[in-house]
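Student: This is the structure, below, for whatever I ask next.
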Amino acid sequence: MITELKSDILHEVIQKRPVDSNKTNFGRVLLIGGNKSLGGAILLAAAATVNAGAGLTTVATDPTNIAALHVRTPEAMAIDWNDAQQLGEQLEKSDVILIGPGLGRDDLALQLLQTVIFGVHKNQKLIVDGDGLTLMAQNNIFFPTNTYSIATPHQGEWESLSNIMVKYQSNMMEMNELQRQNLNLDVLVIKQHHTLIMSEDRQMQLQIGGPYQATGGMGDTLAGMVAGFVAQFAEPRRATEAAVYAHTAIAEQLAAHNWVVKPSLVADFLPNYMSSIQTNLVGNPGADDKMVQF
(Lines give C-alpha, C1' and ligand atoms only; values in the text may rest on other atoms or scores of the structure.)
Protein backbone atom coordinates (compact mmCIF):
# COMPACT_ATOMS: atom_id res chain seq x y z
CA MET A 1 0.00 0.00 0.00
CA ILE A 2 1.29 3.46 -0.93
CA THR A 3 1.33 6.03 1.86
CA GLU A 4 1.53 9.76 1.27
CA LEU A 5 4.83 11.26 2.37
CA LYS A 6 3.97 14.26 4.54
CA SER A 7 5.85 17.02 6.33
CA ASP A 8 5.80 15.02 9.56
CA ILE A 9 8.89 13.22 8.29
CA LEU A 10 10.89 16.45 8.60
CA HIS A 11 10.16 16.77 12.32
CA GLU A 12 10.87 13.10 12.87
CA VAL A 13 14.29 13.28 11.22
CA ILE A 14 15.65 16.82 11.62
CA GLN A 15 16.50 16.96 15.30
CA LYS A 16 18.35 19.64 17.24
CA ARG A 17 22.09 19.05 17.31
CA PRO A 18 23.80 18.24 20.61
CA VAL A 19 25.62 21.24 22.09
CA ASP A 20 28.93 19.37 22.42
CA SER A 21 29.00 18.01 18.84
CA ASN A 22 31.65 18.66 16.17
CA LYS A 23 32.02 18.06 12.43
CA THR A 24 32.99 14.43 12.87
CA ASN A 25 29.58 13.73 14.41
CA PHE A 26 27.77 14.54 11.17
CA GLY A 27 29.39 12.19 8.72
CA ARG A 28 32.13 12.03 6.12
CA VAL A 29 30.74 12.12 2.59
CA LEU A 30 32.60 11.32 -0.63
CA LEU A 31 31.03 12.51 -3.89
CA ILE A 32 32.36 11.16 -7.18
CA GLY A 33 31.36 12.76 -10.47
CA GLY A 34 31.79 15.66 -12.83
CA ASN A 35 33.72 14.99 -16.01
CA LYS A 36 35.05 17.83 -18.19
CA SER A 37 31.66 18.43 -19.78
CA LEU A 38 29.36 17.87 -16.81
CA GLY A 39 31.11 19.57 -13.93
CA GLY A 40 28.02 21.51 -12.93
CA ALA A 41 26.29 18.33 -11.78
CA ILE A 42 28.85 17.52 -9.10
CA LEU A 43 29.04 21.19 -8.05
CA LEU A 44 25.30 21.18 -7.40
CA ALA A 45 25.48 17.88 -5.53
CA ALA A 46 28.38 19.12 -3.39
CA ALA A 47 26.62 22.36 -2.48
CA ALA A 48 23.52 20.40 -1.46
CA THR A 49 25.54 17.96 0.66
CA VAL A 50 27.36 20.73 2.51
CA ASN A 51 24.22 22.83 2.98
CA ALA A 52 22.31 19.81 4.25
CA GLY A 53 24.78 19.67 7.13
CA ALA A 54 27.26 16.90 6.34
CA GLY A 55 30.26 17.24 8.62
CA LEU A 56 33.03 16.67 6.08
CA THR A 57 32.48 16.63 2.32
CA THR A 58 35.09 15.54 -0.23
CA VAL A 59 34.60 15.67 -3.99
CA ALA A 60 36.51 13.39 -6.38
CA THR A 61 36.21 14.94 -9.83
CA ASP A 62 37.99 15.83 -13.03
CA PRO A 63 40.69 18.38 -12.12
CA THR A 64 39.11 20.98 -14.43
CA ASN A 65 36.26 21.31 -11.90
CA ILE A 66 38.29 21.85 -8.74
CA ALA A 67 38.74 25.63 -9.03
CA ALA A 68 35.02 26.11 -9.66
CA LEU A 69 34.21 23.86 -6.70
CA HIS A 70 36.39 25.93 -4.38
CA VAL A 71 34.61 29.09 -5.53
CA ARG A 72 31.07 27.66 -5.36
CA THR A 73 31.47 25.59 -2.19
CA PRO A 74 34.75 26.34 -0.40
CA GLU A 75 33.63 24.16 2.51
CA ALA A 76 34.13 21.04 0.38
CA MET A 77 37.50 19.38 -0.09
CA ALA A 78 38.55 18.17 -3.54
CA ILE A 79 40.75 15.48 -5.07
CA ASP A 80 41.66 14.56 -8.63
CA TRP A 81 39.72 11.42 -9.45
CA ASN A 82 42.70 10.16 -11.46
CA ASP A 83 44.72 9.85 -8.24
CA ALA A 84 44.00 6.23 -7.29
CA GLN A 85 45.76 6.44 -3.94
CA GLN A 86 43.85 9.48 -2.73
CA LEU A 87 40.59 8.10 -4.05
CA GLY A 88 41.18 4.79 -2.26
CA GLU A 89 41.96 6.56 1.02
CA GLN A 90 38.83 8.68 0.83
CA LEU A 91 36.70 5.71 -0.16
CA GLU A 92 37.93 3.73 2.84
CA LYS A 93 37.23 6.38 5.48
CA SER A 94 33.95 7.84 4.21
CA ASP A 95 30.62 7.07 5.85
CA VAL A 96 28.56 7.86 2.74
CA ILE A 97 29.59 7.58 -0.91
CA LEU A 98 27.60 9.21 -3.71
CA ILE A 99 28.62 8.42 -7.27
CA GLY A 100 27.00 9.45 -10.53
CA PRO A 101 26.28 13.18 -10.95
CA GLY A 102 28.04 14.21 -14.15
CA LEU A 103 30.13 11.04 -14.07
CA GLY A 104 29.91 10.37 -17.79
CA ARG A 105 29.81 6.95 -19.42
CA ASP A 106 33.33 6.42 -20.74
CA ASP A 107 35.93 3.86 -19.66
CA LEU A 108 37.17 6.00 -16.77
CA ALA A 109 33.63 6.45 -15.47
CA LEU A 110 33.09 2.70 -15.56
CA GLN A 111 36.40 2.11 -13.77
CA LEU A 112 35.45 4.59 -11.03
CA LEU A 113 32.06 2.94 -10.60
CA GLN A 114 33.59 -0.53 -10.35
CA THR A 115 36.12 0.74 -7.82
CA VAL A 116 33.28 1.99 -5.65
CA ILE A 117 30.95 -0.99 -6.05
CA PHE A 118 33.70 -3.47 -5.15
CA GLY A 119 35.35 -1.22 -2.56
CA VAL A 120 32.52 -0.25 -0.23
CA HIS A 121 32.01 -2.13 3.03
CA LYS A 122 29.18 -2.91 5.44
CA ASN A 123 29.61 0.17 7.61
CA GLN A 124 29.06 2.55 4.71
CA LYS A 125 26.05 3.88 2.81
CA LEU A 126 26.16 3.93 -1.00
CA ILE A 127 24.08 6.28 -3.17
CA VAL A 128 24.09 5.93 -6.96
CA ASP A 129 22.57 8.51 -9.28
CA GLY A 130 22.53 9.57 -12.91
CA ASP A 131 25.28 8.18 -15.11
CA GLY A 132 26.26 5.71 -12.40
CA LEU A 133 22.89 4.00 -12.79
CA THR A 134 23.12 3.99 -16.59
CA LEU A 135 26.55 2.35 -16.41
CA MET A 136 25.20 -0.27 -14.02
CA ALA A 137 22.42 -1.07 -16.46
CA GLN A 138 24.75 -1.19 -19.47
CA ASN A 139 27.28 -3.45 -17.75
CA ASN A 140 24.93 -5.65 -15.72
CA ILE A 141 26.34 -4.43 -12.39
CA PHE A 142 24.38 -5.09 -9.23
CA PHE A 143 24.44 -3.22 -5.95
CA PRO A 144 26.70 -4.79 -3.30
CA THR A 145 25.03 -7.14 -0.85
CA ASN A 146 27.01 -5.98 2.19
CA THR A 147 26.37 -2.22 1.96
CA TYR A 148 23.24 -0.15 2.54
CA SER A 149 22.39 1.05 -0.97
CA ILE A 150 20.17 3.85 -2.27
CA ALA A 151 19.36 4.61 -5.91
CA THR A 152 17.81 7.84 -7.20
CA PRO A 153 16.85 7.22 -10.86
CA HIS A 154 14.50 9.19 -13.02
CA GLN A 155 11.98 7.07 -14.90
CA GLY A 156 14.19 6.48 -17.95
CA GLU A 157 17.13 5.36 -15.82
CA TRP A 158 14.87 3.06 -13.84
CA GLU A 159 13.53 1.48 -17.03
CA SER A 160 17.09 0.71 -18.13
CA LEU A 161 18.16 -0.58 -14.74
CA SER A 162 15.08 -2.65 -13.99
CA ASN A 163 14.02 -3.69 -17.52
CA ILE A 164 10.51 -2.56 -16.61
CA MET A 165 8.72 -0.64 -19.35
CA VAL A 166 6.94 1.94 -17.22
CA LYS A 167 4.20 2.78 -19.74
CA TYR A 168 3.15 -0.80 -20.34
CA GLN A 169 2.92 -2.34 -16.88
CA SER A 170 -0.41 -2.62 -15.10
CA ASN A 171 1.23 -3.94 -11.92
CA MET A 172 3.97 -1.34 -11.67
CA MET A 173 4.27 -1.30 -7.89
CA GLU A 174 4.73 -5.05 -7.65
CA MET A 175 7.29 -5.05 -10.46
CA ASN A 176 9.19 -2.13 -8.94
CA GLU A 177 9.38 -3.84 -5.58
CA LEU A 178 10.52 -7.13 -7.10
CA GLN A 179 13.31 -5.42 -9.02
CA ARG A 180 14.32 -3.35 -5.99
CA GLN A 181 14.96 -6.61 -4.16
CA ASN A 182 16.64 -8.30 -7.14
CA LEU A 183 19.08 -5.40 -7.46
CA ASN A 184 19.99 -5.51 -3.73
CA LEU A 185 18.60 -2.02 -3.20
CA ASP A 186 17.61 -0.92 0.29
CA VAL A 187 15.91 2.31 -0.84
CA LEU A 188 14.67 3.19 -4.31
CA VAL A 189 13.73 6.79 -5.15
CA ILE A 190 11.99 7.02 -8.53
CA LYS A 191 11.99 10.68 -9.57
CA GLN A 192 8.76 11.52 -11.31
CA HIS A 193 5.67 13.67 -10.90
CA HIS A 194 4.87 12.68 -7.30
CA THR A 195 8.17 10.98 -6.55
CA LEU A 196 8.03 7.43 -5.20
CA ILE A 197 10.26 6.11 -2.38
CA MET A 198 10.33 2.34 -1.92
CA SER A 199 12.00 0.24 0.77
CA GLU A 200 11.29 -2.97 2.62
CA ASP A 201 7.64 -3.03 3.77
CA ARG A 202 7.29 0.70 3.04
CA GLN A 203 6.11 2.59 -0.05
CA MET A 204 5.87 6.38 0.24
CA GLN A 205 4.85 8.92 -2.37
CA LEU A 206 5.02 12.70 -2.56
CA GLN A 207 1.87 14.63 -3.39
CA ILE A 208 3.65 17.97 -3.82
CA GLY A 209 5.84 19.37 -6.59
CA GLY A 210 5.34 20.63 -10.12
CA PRO A 211 6.80 21.52 -13.53
CA TYR A 212 8.88 24.35 -12.03
CA GLN A 213 11.32 21.58 -11.02
CA ALA A 214 11.80 20.39 -14.60
CA THR A 215 15.28 21.77 -15.18
CA GLY A 216 18.74 20.25 -15.47
CA GLY A 217 20.53 19.66 -12.20
CA MET A 218 17.47 19.17 -10.00
CA GLY A 219 18.24 15.47 -9.58
CA ASP A 220 21.90 16.18 -8.79
CA THR A 221 20.81 18.52 -6.01
CA LEU A 222 18.46 15.88 -4.63
CA ALA A 223 21.23 13.26 -4.65
CA GLY A 224 23.49 15.62 -2.71
CA MET A 225 20.75 16.32 -0.20
CA VAL A 226 20.16 12.61 0.31
CA ALA A 227 23.89 12.14 0.95
CA GLY A 228 23.95 14.95 3.50
CA PHE A 229 20.84 13.74 5.32
CA VAL A 230 21.95 10.10 5.40
CA ALA A 231 25.39 11.13 6.71
CA GLN A 232 24.09 12.92 9.78
CA PHE A 233 20.76 11.37 10.69
CA ALA A 234 20.45 7.95 12.26
CA GLU A 235 18.04 5.95 10.07
CA PRO A 236 18.94 6.07 6.36
CA ARG A 237 15.49 5.16 5.05
CA ARG A 238 13.77 7.95 6.97
CA ALA A 239 16.64 10.34 6.24
CA THR A 240 16.16 9.71 2.51
CA GLU A 241 12.43 10.32 2.78
CA ALA A 242 13.05 13.59 4.63
CA ALA A 243 15.54 14.75 1.99
CA VAL A 244 13.08 13.97 -0.80
CA TYR A 245 10.31 15.87 0.96
CA ALA A 246 12.48 18.89 1.81
CA HIS A 247 13.83 19.08 -1.76
CA THR A 248 10.37 19.41 -3.27
CA ALA A 249 8.91 21.52 -0.45
CA ILE A 250 11.65 24.14 -0.91
CA ALA A 251 11.07 24.16 -4.66
CA GLU A 252 7.34 24.55 -4.13
CA GLN A 253 7.86 27.58 -1.89
CA LEU A 254 10.33 29.18 -4.29
CA ALA A 255 7.94 28.60 -7.19
CA ALA A 256 5.62 31.21 -5.71
CA HIS A 257 8.09 33.82 -7.00
CA ASN A 258 10.02 31.94 -9.71
CA TRP A 259 8.79 30.62 -13.08
CA VAL A 260 11.53 27.98 -12.95
CA VAL A 261 13.26 27.02 -9.71
CA LYS A 262 16.99 26.70 -10.24
CA PRO A 263 18.53 23.72 -8.42
CA SER A 264 21.25 26.00 -7.07
CA LEU A 265 18.56 28.02 -5.27
CA VAL A 266 17.22 24.88 -3.61
CA ALA A 267 20.70 24.06 -2.33
CA ASP A 268 21.32 27.62 -1.15
CA PHE A 269 18.05 27.85 0.78
CA LEU A 270 18.35 24.42 2.36
CA PRO A 271 20.04 25.46 5.66
CA ASN A 272 17.41 28.14 6.24
CA TYR A 273 14.63 25.65 5.56
CA MET A 274 16.07 23.02 7.90
CA SER A 275 16.45 25.64 10.63
CA SER A 276 12.81 26.58 10.16
CA ILE A 277 11.82 23.02 11.01
CA GLN A 278 13.30 23.54 14.46
CA THR A 279 11.36 26.80 14.92
CA ASN A 280 8.13 25.20 13.64
CA LEU A 281 7.68 27.59 10.73
CA VAL A 282 7.33 24.83 8.16
CA GLY A 283 5.50 21.53 8.14
CA ASN A 284 4.39 21.72 11.77
CA PRO A 285 1.67 19.09 12.16
CA GLY A 286 -1.53 20.76 13.23
CA ALA A 287 -0.46 24.26 12.16
CA ASP A 288 -0.54 26.22 8.93
CA ASP A 289 2.73 26.25 6.99
CA LYS A 290 4.29 29.68 6.62
CA MET A 291 6.47 30.94 3.84
CA VAL A 292 10.08 30.89 4.95
CA GLN A 293 11.83 34.21 4.47
CA PHE A 294 15.07 33.65 2.57
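The values are calculated or read from the model by the stated rules, or taken from the named source; none is laboratory data. Everything numeric here is computed off the predicted structure, so don't read it as measured data. Cβ sites come from the backbone with ideal geometry, for glycine too, and all protein chains shown count toward neighbours. Just the protein is used for accessible areas: all its heavy atoms, side chains included, with ligands, DNA and RNA removed. Shrake-Rupley method; radii C 1.70, N 1.55, O 1.52, S 1.80 Å.
Student: Taking only Cα atoms of the stretch 135-229, what ratio of Rg to Rh do you get with Rh as the Kirkwood inverse-distance radius?
Tutor: The Rg/Rh ratio comes out at 0.94.
Student: Considering only protein heavy atoms, what per residue accessible area in square angstrom results for the chain with a 1.4 angstrom probe?
Tutor: Result: 44 Å² per residue.
Student: Can you give the extra length, in nm with one decimal, that the chain gains between His121 and Thr145 once fully stretched, where that is 0.36 nm per residue apart less the Cα-Cα distance?
Tutor: Gain on extension, His121 to Thr145, equals 7.7 nm.
Student: Sequence-distant or interchain residues sharing an amide H contact under 5 Å with Gln203, placed H: which?
Tutor: Thr3
Student: Another question, if that's okay. Share of antiparallel DSSP beta bridges in the chain, in percent to the nearest 5?
Tutor: About 25 percent, rounded to the nearest 5.
Student: Which order do the peptides 231-241, 19-29, 126-136, 141-151 come out in when sorted by mean C-beta neighbours inside 10 angstrom, highest first?
Tutor: 126-136, 231-241, 141-151, 19-29
Student: Stretch Ala256-Gln15 to full length: gain in nm at 0.36 nm per residue minus the Cα-Cα span?
Tutor: The Ala256-Gln15 span can extend by a further 84.0 nm.
Student: By a straight-distance test (C-alpha under 20 Å), which aspartates and glutamates pair with Lys262 as possible cross-link partners, with residues fewer than eight away in the same chain excluded?
Tutor: Asp129, Asp220, Glu252
Student: Also: Just from the alpha-carbon atoms, what are the Rg and Dmax of the stretch 34-127 in angstroms?
Tutor: 12.3, 34
Student: Also, I was wondering about something else. Note down the nm distance, to one decimal, between modelled labels 7 Å out along Cα→Cβ at Asp106 and at Asn182.
Tutor: My value for the distance between the label points is 3.3 nm.
Student: When only alpha-carbon atoms count, how far does the chain stretch along each of its three principal axes, as whole angstroms with the largest first?
Tutor: 51, 48, 37
Student: Continuing with this model, one more query. Quick check: residue separation of Val71 and Ala84 times 0.36 nm, minus the Cα distance between them. What number comes out in nm?
Tutor: Roughly 2.2 nm would be gained on extension.
Student: Oh, and also: Under 15 Å from the 7 Å Cα→Cβ point of Ser37, by amide nitrogen: which residues of the stretch 87-127?
Tutor: Inside the label zone: 102-110.
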